[in-house]
Amino acid sequence: MESRLHVITLAVGDLDRALAFYRDGLGFNSEGIIGIEWSDERTGANGAVALFTLDDGLMLSLYPRRDLAMDAEIDLSPAHGGEFSLGHLVQSRDDVDRLLREAEAAGATVTQAHDRPWGIYSGYFRDPDGHLWEVIWNPGRVPSPREGD
């Protein structure tokens, strides 16, 4: 297998709420909920998802928790936040603080950013479904600025 990642799918309890958080609250670009006309006859999973194409081409997919479990043919289990985190590298310490404020205004639970002993400045937020995001300024890994920034 090649060491590439193209899609991250997050299981969500309420697709409309999750779409509003990521699109309206965080400003991720999405056409909204798509695939509502599909259902998998074999697994019973519905096809409704919200997709976001991120700046580097990675896709973020939001899929109802029940349907993801059915589609993957695994037992439906309660959400367990904190088992992994998604990291977002930013240009500066100020960007960390600004994005955490934006996430909090959108409804996220936020932990205060601080300097870590391993040389980064970061803080976390949890989306309405408990998915953990770390916003990171790492002076050794500053991302390239986006066009128009």
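The values are calculated or read from the model by the stated rules, or taken from the named source; none is laboratory data. Source: prediction; values computed, not measured. Using ideal geometry, Cβ is built from the backbone for each residue, glycine included, and neighbour counts are taken over all protein chains shown.
Let's see how each residue does on (1) among the acidic types (D, E); (2) more than 20 Å from A103 (Cβ to Cβ); (3) without any contact (Cβ under 8 Å) to a residue 60 or more places away in the chain:
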site: A11; (1), (2), (3): no, no, no
site: A18; (1), (2), (3): no, no, no
site: F28; (1), (2), (3): no, no, yes
site: I36; (1), (2), (3): no, yes, yes
site: S39; (1), (2), (3): no, yes, yes
site: G47; (1), (2), (3): no, yes, yes
site: F52; (1), (2), (3): no, no, yes
site: D55; (1), (2), (3): yes, no, no
site: L60; (1), (2), (3): no, no, yes
Quick one: in region 120-143, of everything that is at pLDDT below 95 and over 23 Å from R65 (Cβ atoms), which residue is surrounded by the fewest Cβ atoms within 10 Å (Cβ to Cβ)? G140
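Search region 47-63 for residues being of a type in the set (A, V, I, L, M, F, W, C) and assigned to a loop (DSSP other than H, G, I, E, B), and hand back the single one that is nearest to Y22 (Cα to Cα).
L54
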All but one of (1) in contact (Cβ under 8 Å) with a residue 12 or more places away in the chain; (2) closer than 23 Å to P139 by Cα hold for D71; state the number of the condition that does not hold. (2)
Looking only at residues that are in contact with a helix residue (DSSP H, G or I) (Cβ under 8 Å, 6 or more places away or on another chain) and assigned to a loop (DSSP other than H, G, I, E, B) in region 64-95, which one is nearest to Y121 (Cα to Cα)? V90
Given the residues P117, P64, which is the only one that is not hydrophobic (A, V, I, L, M, F, W, C) and not assigned by TED's automatic domain parsing to the domain that holds R17? P117
Of all residues in region 1-46 being surrounded by fewer than 17 Cβ atoms within 10 Å (Cβ to Cβ), assigned to a loop (DSSP other than H, G, I, E, B) and among the aliphatic types (A, V, I, L, M), which is modelled with the lowest pLDDT? M1
